[in-house]
1. If Rh is defined by the Kirkwood formula over all Cα pairs and Rg also comes from Cα, what ratio Rg/Rh do you get for segment 61-116?
2. Find out how many positive minus negative residues lie around G113, taking Lys and Arg as positive, Asp and Glu as negative, among other residues whose Cβ is under 12 Å from that of G113.
3. In square angstrom, what is the accessible area per residue of segment 65-151 with a 1.4 angstrom probe?
4. Which net charge results for the neighbourhood of A56, defined as the other residues with beta-carbon distances under 12 angstrom from its beta-carbon, given Lys and Arg at +1 and Asp and Glu at -1?
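The values are calculated or read from the model by the stated rules, or taken from the named source; none is laboratory data. Only a predicted model underlies this, so the values are computations on that prediction, with no experimental measurement involved. In this analysis, Cβ positions are derived from the backbone assuming ideal geometry, glycine residues included, and neighbour counts consider all displayed protein chains. Just so you know, the surface numbers come from the protein's heavy atoms only, side chains and all, with ligands and any DNA or RNA stripped out. Shrake-Rupley method; radii C 1.70, N 1.55, O 1.52, S 1.80 Å.
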Amino acid sequence: NRLHWHLRIAAPDPAVRFQISPLKVCLSDWSTGSEFTFKVDLETAKFPEPGDLVIAEISCNPQGSTADWGEFVELCNAHESMAIEMGGIQCGDWTFNERHLLQPGERIVVYPGNLPNEKGTIAVRNASGSVLDEVRYSACWHPNRKQAESGFSLIRVDLQGPSQNSENWTSSGHPLGA
């Protein structure tokens with residue numbers, strides 16, 4: 001048996017109190033029918049909205065030693081103060097199937113499947129399928145075209161800046177990534 005609940009709170013509070021009554025007799029001697037209160041501490045997090053979870057790096061053409069890592073996308077929690085619940089988040093073929101909290105400013109690498117080398121589209125979606133961030137990237141976004149062919153990834157210059165603006169993307173400082 002499982003207990004499911006939906007919690008709506010105006011401000012995050014790590015202490016949540018559940019009251020369960022009357023408690024049924026199972027394998028205990030709690031047969032009084034009295035009300036019992038159990039305190040449960042939960043680490044609260046928000047489900048991301050557009051702008052909270054952003055694409056920070058795209059490695060679509062790994063070369064040399066980065067080829068072992070494969071193609072990847074780095075996601076960043078751009079929210080200034082709240083952890084983000086990653087359960088259900090989708091990026092390409094990748095889905096977070098378990099609960100995972102991403103703290104403010106924290107980044108995580110995901111492997112979304114095949115990313116076209118020259119140009120393509122990568123989107124991050126919530127569990128309902130709504131787009132949280134999307135980038136239609138191009139190898140031409142590298143300031144030096146040779147970097148696109150040498151394993152350098154694209155990194156987002158300003159996490160709050162527009163995803164689709166090529167001037168908000170540049171080559172990583174190293175062929176192994178940012």
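1. 1.04
2. Working: positive: none; negative: E71, D93.
Net charge in that neighbourhood comes out at -2.
3. In whole numbers, segment 65-151 has 53 Å² accessible per residue.
4. Computed value for this residue: -3.
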